[in-house]
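Asks: Take this structure first; my questions come after.
Values quoted throughout were computed directly from the atomic coordinates according to the rules given, and no laboratory measurement underlies them. Everything quoted here is computed from the prediction, not taken from an experiment. Backbone-built Cβ (ideal geometry, glycine too); neighbour counts: all protein chains shown.
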Amino acid sequence: MSKGKPTYEELEKKIQELENDIKLNNSFLEMLFDAIPNPIFYKDKEGVYQHCNDSFSKTILGIDKDNIIGKTLYEFPEIIPTKNADIYDSKDKELMESHGTQFYESSVKCADGIERHYSFYKATFISESNEALGIVGVMLDISKHRKILKQLSELSITDSLTNLYNRRYFKEILDSKLVKLNIKKQKFAFMMIDIDFFKDYNDTFGHHQGDVALEMISHLIKRYFVRESDYVFRLGGEEFGILFSFSDIKNAVLIANKITANVEKLNLESGNKGVSEFLTISSGLGILDYPKSADLDADKIFELVDKLLYKSKKNGRNQISYQKINK
């Protein structure tokens with residue numbers, strides 16, 4: 001025997017059960033979202049926030065979820081500057097038009113005032129009729145990852161003993177300086193330094209003390225070159241290279257002479273007392289300016305400055321030889 005039509009009370013009970021199931025499912029989803037440590041948000045096609053998790057509300061914006069839902073990026077000017085909101089809004093519109101996924105990286109000033117780097121993974125939420133209803137976004141904090149990559153990069157271009165840049169990086173920076181010389185006419189100087197009779201020093205005092213001397217001389221040189229455009233390298237063994245900007249030739253030569261004098265004043269006992277009481281350096285300084293130095297390649301410049309260094313050694317060491325580098 002078939003059942004008759006459900007009574008009003010039965011229908012009301014069934015609806016109540018469905019509503020309870022929906023509430024339970026929504027409650028579960030909210031708990032799940034909030035348990036995820038990554039910031040998550042959902043916006044409708046008008047850019048209005050419909051949902052976000054605790055990580056997004058607390059870490060990114062620093063306000064309660066209830067104050068975010070129902071608003072757009074532009075309604076938090078004290079948290080999200082308009083210029084930033086414009087960038088995010090443009091990205092959202094681009095994604096809504098494509099009906100696909102989107103990935104990009106951006107720095108974000110978080111609620112605690114710290115600027116962090118995030119990867120944004122976003123996708124359009126599509127209806128059964130293929131209409132874009134909104135955007136779901138997940139943010140992944142990659143700050144530590146970027147920091148590690150930066151540290152690894154620095155290690156790959158740094159000499160482990162002196163913490164100066166290494167020879168591999170020297171070629172890259174010299175090429176960059178030459179491009180700027182030829183295109184922007186930015187003059188620069190290239191100085192090569194060699195510690196006099198360093199083999200004798202190592203033979204007399206041992207390689208450990210030789211490493212100490214290298215560190216001390218490295219630190220002294222580095223003190224003179226602290227600008228962003230200055231680069232100090234350990235080219236190998238007891239040889240150093242410096243690429244730096246200068247206001248005039250006299251100023252560049254003055255710095256080179258100060259370094260020469262102050263290395264001797266370190267009073268590092270020489271390994272060859274017949275030549276000098278203390279450890280000294282010899283230097284070659286090449287001045288590169290536009291247009292006379294234009295179109296020279298890195299190898300040629302290195303060769304010319306190395307000859308200036310050899311000239312200092314030939315003339316008695318503990319001195320500097322310099323000249324303008326012409327093509």
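Asks: Once every Cα of segment 157-324 carries one equal point scatterer and solvent is ignored, give the base-10 log of I(q)/I(0) from the Debye formula at q = 0.12, 0.16, 0.20 Å⁻¹, two decimals.
Replies: Calculated log10 I(q)/I(0) at the listed q: -0.51, -0.89, -1.36.
Asks: With +1 on each Lys and Arg Cβ and -1 on each Asp and Glu Cβ, and nothing else charged, work out how big the dipole of segment 145-252 is about its Cα centre, in Debye to the nearest 20.
Replies: 860 debye
Asks: When Rg is the radius of gyration of the Cα atoms in segment 38-146 and Rh is its Kirkwood radius, what does Rg/Rh come to?
Replies: 0.95
Asks: I would also like to ask the following. Which residues does the label zone of Lys150 cover in segment 101-135, counting backbone N under 13 Å from a point 7 Å along Cα→Cβ?
Replies: Taking a point 7 Å out along Cα→Cβ of Lys150, the residues of segment 101-135 whose backbone N falls under 13 Å are 107-108, 115-118.
Asks: Under 13 Å between alpha carbons, and skipping anything fewer than 8 positions from Lys45 in its own chain: which aspartates and glutamates qualify?
Replies: Asp89, Asp92, Glu94, Glu97, Glu131
Asks: Now, a different point. Rounded to whole Hz and in sequence order, give me ³J(HN,Hα) for segment 51-58 from the Karplus expression 6.51 cos²θ - 1.76 cosθ + 1.60, θ = phi - 60°, writing x for Gly and Pro.
Replies: Going residue by residue, I get 6, 7, 9, 4, 4, 5, 5, 8 Hz, with x marking Gly and Pro.
Asks: Using the basic label-point model (7 angstrom from Cα toward the beta carbon), what is the Ser176 to Lys327 distance in nanometres?
Replies: 2.3 nm
Asks: With a sphere of radius 14 Å drawn around the Cβ of Phe125, what net charge do the other residues whose Cβ falls strictly inside it have (Lys, Arg +1; Asp, Glu -1)?
Replies: -2
Asks: Follow-up. Once every DSSP H run of n ≥ 4 in the chain is given -39500 (n - 2.57) and the sum is divided by its residues, what mean residue ellipticity at 222 nm do you get, rounded to the nearest 500 deg cm²/dmol?
Replies: -14000 deg cm²/dmol
Asks: Continuing with this model, one more query. Which of these values of Rg and Dmax of the Cα atoms in Å was calculated from the structure shown: (i) 19.6, 62; (ii) 33.1, 122; (iii) 18.7, 64?
Replies: (ii)
Asks: Right, next: Take the Cβ-Cβ distance between Asp248 and Phe205 as r, set R0 to 35 Å, and report the resulting FRET efficiency rounded to the nearest 0.05.
Replies: 0.30
Asks: In whole Hz, with x marking every Gly and Pro, tabulate ³J(HN,Hα) for segment 110-127 from phi via Karplus 6.51 cos²θ - 1.76 cosθ + 1.60, θ = phi - 60°.
Replies: Whole-Hz 3J(HN,Hα) from phi for segment 110-127: 7, 4, 7, x, 8, 8, 10, 9, 10, 9, 9, 10, 10, 8, 7, 9, 9, 7.
Asks: Quick one: dipole size for the chain, taken about the Cα centre, charges +1 on Lys/Arg Cβ and -1 on Asp/Glu Cβ, in debye to the nearest 20.
Replies: Numbers: 46 positive and 50 negative charges, 387 e Å.
Computed about the Cα centre, the dipole is about 1860 debye.
Asks: Follow-up question, since we're still on this one. Which FRET efficiency, nearest 0.05, do Glu215 and Ser119 yield, Cβ-Cβ r, R0 51 Å?
Replies: The formula returns an efficiency of 0.80 here.
Asks: Another question about this same structure. What does the highest-first list of 74-83, 47-56, 187-196, 227-236 look like by mean Cβ count within 10 Å?
Replies: On the way: 74-83: 12.6, 47-56: 19.4, 187-196: 23.6, 227-236: 16.6.
Ranked by mean Cβ neighbours within 10 Å, highest first: 187-196, 47-56, 227-236, 74-83.
Asks: Hey, another quick one. For Gln186 and Ile63, what is the calculated FRET efficiency with R₀ set at 45 Å and r taken between the beta-carbons, to the nearest 0.05?
Replies: Working from the Cβ atoms, E equals 0.40.
Asks: For each pair in Lys250/Lys273; Lys300/Lys324; Lys184/Lys258; Lys185/Lys250; Lys292/Lys313; Lys222/Lys265, compute the distance between the two Cα atoms and list the pairs where it is over 22 Å.
Replies: Where the Cα-Cα span goes over 22 Å, the pairs concerned are Lys250/Lys273; Lys184/Lys258; Lys292/Lys313.
Asks: Counting alpha carbon pairs within less than 8 Å and at least 6 residues apart, what relative contact order, in whole percent, applies to the chain?
Replies: Details: 506 pairs, mean separation 41.5, N = 327.
For the chain, the relative contact order is 13 percent.
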